[in-house]
Amino acid sequence: MIFDTHVAVDWSARSQPSPAKPAADAIWIGVVRGGVAELPTYHRTRAAALEAIAALIWEDRVAGRRILVGFDFPFGWPRGLAAHLTGEARARDLWRWFAGRIEDAPDNANNRYDVAEAVNRALPGVGPYWSKSHRDRWAEIPFTDLRDGHGLPRRRLIEEQVRGAKEVWQLAGAGSVGSQAILGVAALERLAAETGAEVWPFDTGLTVPEGDAVLAEIYPSLFNDAVKTRLGDGDIKDAVQVAVTAERIAQWDREGTLASLLSPTVEQPEVIAREEGWILGVPGAVASTPKLSNDCFALPPGVDWTPVDEALERLRAGLIPIAEVEQVPVAQAGGRVLAVAVVARRSNPPAANAAVDGYAFAAAGLAGPVRLPLAPGRAAAGAPFDGTVPPGHALRILTGAVLPEGADTIVLQEDVAVEDGAVRFEARLKPCANVRPAGEDAEAGAEVLAAPLLLRPQDLALASAVGVDRLAVRKPLRVAVLSTGDEVVEPGSAARPGAIFDANRPMLLDLVRRWGYAPVDLGIARDREGEVRAALQRGAAEADAILTSGGASAGDEDHISALLTAEGSVSTWRIAVKPGRPLALGMWQGTPVFGLPGNPVAAFVCTLIFARPALGLMAGAGWQVPQPLWLPAAFEKRKKPGRREYLRARVRDGQVEVFASEGSGRVSGLSWAEGLCELPDDGLDVKPGTPVRYLPFEAFGL
């Protein structure tokens with residue numbers, strides 16, 4: 001288990017202490033410690049409840065236990081409020097903003113409406129906060145929902161996801177949570193400072209926290225059915241709710257579900273993890289991994305030989321991304337597929353800064369030879385000038401330093417003469433010369449990386465430069481590889497007459513690995529239905545896709561095709577391609593199977609041409625098309641019409657030469673080649689100098 005103690009808190013925004021006798025509309029705390037549920041406790045004031053929660057945290061910490069405390073009010077606000085009030089799109093900065101303004105006395109007396117009114121006053125239009133306890137007070141807060149023009153969303157992303165969740169802007173009235181949130185985050189900011197507790201997901205990201213005390217947003221209404229079942233005559237619903245909620249969270253932890261709920265798959269994870277927050281227990285915006293339909297490879301009735309382009313288009317139309325999404329630190333995201341676009345959290349550069357070493361000054365009104373006294377001090381990268389450059393003065397500044405107040409232009413140090421505490425130069429500079437403006441590279445809120453994208457080192461640099469520390473990426477697609485046939489044996493083993501060493505499996509496993517997927521080696525299955533079935537079952541259990549070689553046609557011993565026909569689904573495609581035999585595409589227990597030819601050359605070509613783009617789409621990287629080069633041929637060939645041909649080729653002296661033999665049994669030709677020469681479906685008479693389409697192996701990600 002992740003935590004030893006699980007706590008659920010039903011918060012209250014009352015302005016007076018709750019009744020001495022336990023009642024609703026108070027603060028109730030439910031606790032499950034070490035798997036044992038304790039009786040819910042009743043607290044008349046927020047101060048008393050916070051004291052009890054802090055005691056729980058310290059008690060568990062001293063005992064070496066980990067504690068999770070859930071509160072039933074929003075931890076964040078719709079995107080935009082934090083940046084508007086604090087300058088940073090970070091919920092914890094907004095928490096500190098509220099904590100610095102909220103006055104919450106030990107008897108629950110508080111100024112929450114004054115603070116909400118200050119928020120409304122800071123924004124344009126009317127609102128966003130609305131509803132209040134007194135119609136004639138707090139003029140900036142509309143009594144009814146007459147909000148307009150404030151520019152902020154009505155709901156958080158999570159509130160669009162959870163049925164019945166209330167928006168955070170309503171301060172009063174049935175079911176309102178606005179007042180609870182204002183008072184709550186101010187209280188939790190102090191609690192976190194006192195106890196060192198982490199706030200999920202703002203301090204931890206959308207992942208399993210590492211700290212020993214964690215605060216999280218919960219929504220007890222997720223368990224309404226269980227609460228109704230347990231609620232008896234005379235019971236207080238709030239007390240039953242916190243008991244049930246704490247027990248369910250403990251159950252998630254015990255059953256291993258809590259880890260995934262702390263790492264939900266969500267759209268716009270950066271907004272959620274930094275600004276809006278998420279309700280613990282809601283799986284995420286993508287509730288389950290999409291599945292492929294059993295007929296996704298089916299050909300229309302009457303289709304016999306299929307041209308390559310048509311086969312690729314049908315393959316593309318039948319597939320969808322199935323790789324799951326997870327969040328990882330930027331430093332670990334290289335080579336992964338970006339699943340959600342990256343939005344700049346901060347401008348780059350965040351402030352105007354010096355592009356050169358020199359002297360900063362205000363350019364207005366200067367002309368001809370100029371002499372400016374030097375202001376004391378200097379500005380350097382990481383050590384900004386603490387003050388304002390006086391009018392008519394200059395300040396020493398180094399490359400990368402933030403441009404100080406009172407200056408807008410920089411003259412290069414090579415262009416000045418320094419004497420008697422002043423600088424002299426010709427004022428021929430344009431205003432703002434040698435200054436990098438704020439946001440020159442990227443502005444806060446701008447999309448800087450679009451998805452999908454195979455992340456490169458330079459992409460990680462850009463994400464980091466704009467303040468993003470975690471990226472939503474696709475988990476590597478798991479691809480299983482199986483060789484079949486009685487004649488196929490492991491390389492290095494004692495080979496009987498008629499046996500062949502398995503060349504396909506090492507080749508295909510390395511292709512899978514080079515494309516960034518997780519290879520699963522299913523070994524060799526003999527031509528026995530039971531062995532082939534067992535291998536397919538293992539592949540379906542451990543992988544997202546299966547590549548097989550051999551057994552894909554309709555022969556007596558071709559068990560791949562036979563099993564897919566009998567127990568799964570199969571569509572045998574007769575593609576007009578050379579080298580290649582029929583390509584068997586099917587589903588086995590929900591897992592797509594690519595039945596490749598047994599011949600290594602044909603298997604290699606079919607994998608590059610058909611399996612690579614299909615796997616890329618399933619992995620979330622999109623449909624990948626190799627980019628060709630048109631180069632003169634160094635060979636002669638008369639090609640017949642009817643099939644597209646792929647010749648093993650390489651480039652020498654700017655011309656495409658092909659392997660001496662087109663025989664698909666010549667594995668040495670694959671090693672000799674550096675790419676493929678693609679000849680069209682129609683007939684073609686190739687002579688030396690004829691432009692041909694060359695596909696270097698690099699175009700296939702190799």
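Read-outs: derived from the displayed coordinates by stated rules, not from any lab. For clarity, every value in this text was computed on a predicted model and none was experimentally measured. Positions of Cβ are backbone-derived with ideal geometry, glycine not excepted, and every protein chain shown enters the neighbour counts.
Sort largest first and round to whole Å: the equivalent ellipsoid semi-axes of the chain, each the square root of five times a Cα gyration tensor eigenvalue. Before the final figure, lay out each step's value.
Values: eigenvalues 679, 357, 86 Å².
Working through the eigenvalues yields semi-axes of 58, 42, 21 Å.
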Exercise for review: Please work out the Cα center distance from region 468-529 to region 69-129, rounded to the nearest Å.
Suggested key: 56
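Compute the relative contact order of the chain as a whole-number percentage, counting only Cα pairs closer than 8 Å that sit 6 or more residues apart in sequence. Could you put the intermediate results ahead of the total?
Values: 1553 pairs, mean separation 69.4, N = 702.
Normalised by residue count, the contact order of the chain is 10 percent.
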Practice item. Using +1 at the Cβ of each Lys and Arg and -1 at the Cβ of each Asp and Glu in the chain, identify which of 457, 84, 312 lies farthest towards the dipole's positive end. Key: 312
Review point. For the chain, what is the charge dipole size about the Cα centre, in debye to the nearest 20, if Lys and Arg each add +1 at the Cβ and Asp and Glu each add -1 at the Cβ?
Key: 760
Practice item. Largest first and to the nearest Å, give the Cα extent of region 424-545 along each principal axis. Key: 92, 29, 16
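Restrict the search to region 113-205; then list the trypsin sites (Lys or Arg not before Pro) that DSSP places in a loop and that have at most 11 other Cβ atoms within 10 Å of their Cβ. Can you show the working numbers first?
Working: sites: 121, 132, 135, 137, 147, 154, 155, 156, 163, 166, 190; in loops: 132, 135, 137, 147, 154, 155, 156, 163, 166.
Those satisfying the criteria are 135, 163.
Provide the net charge surrounding residue 263, with neighbours chosen by a C-beta distance below 14 Å and charges set as Lys +1, Arg +1, Asp -1, Glu -1. Walk me through the numbers before you get to the answer.
On the way: positive: 470, 475; negative: 210, 253, 324, 326.
Every neighbour counted, the sum reads -2.
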Exercise for review: Choose one of 11, 22, 364: the residue whose Cα lies farthest towards the positive end of the charge dipole of the chain (beta-carbon charges +1 Lys, Arg; -1 Asp, Glu; about the Cα centre).
Suggested key: 364
**Study point:** Alpha-carbon centroid distance for the pair region 598-664 / region 23-57, whole angstrom
**Key:** 68
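When only C-alpha pairs under 8 Å and at least 6 residues apart count, what is the relative contact order of region 196-240, in percent? Display every interim value, and only then the final one.
On the way: 29 pairs, mean separation 12.9, N = 45.
The value is 29 percent.
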Point to revise | Anchor residue 21: aspartates and glutamates whose Cα lies under 15 Å away (excluding residues fewer than 8 positions away in-chain) | key: 235, 238
Point to revise | Among 177, 75, 619 the positive-end extreme of the charge dipole of the chain (Cβ point charges) | key: 619
Check your understanding: So what is the relative contact order for region 629-700, in percent, with contacts set as C-alpha pairs under 8 Å and at least six apart?
Key -> 46
Revision key, fill the gap. Projected area averaged over all directions for the convex hull of the alpha carbon atoms of region 629-700, nm², comes out at 4.6
Practice item. Please give the peptides 624-631, 651-658 ranked by average Cβ packing (other Cβ atoms within 10 Å per residue), highest first, as a rough proxy for protection. Key: 651-658, 624-631
Practice item. Quick one: order 464, 131 by neighbouring beta-carbon count within 10 Å, fewest to most. Key: 464, 131
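Mean projection of the alpha-carbon convex hull of region 353-436 over all orientations, in nm²?
On the way: hull surface 18.2 nm².
If you wrap the Cα atoms of region 353-436 in a convex hull and average its projections, you get 4.5 nm².
First select every other residue whose beta carbon is under 11 angstrom from the beta carbon of residue 341; then total the charges, Lys and Arg +1, Asp and Glu -1. Before the final figure, lay out each step's value.
On the way: positive: none; negative: 267, 270, 447.
That works out to -3.
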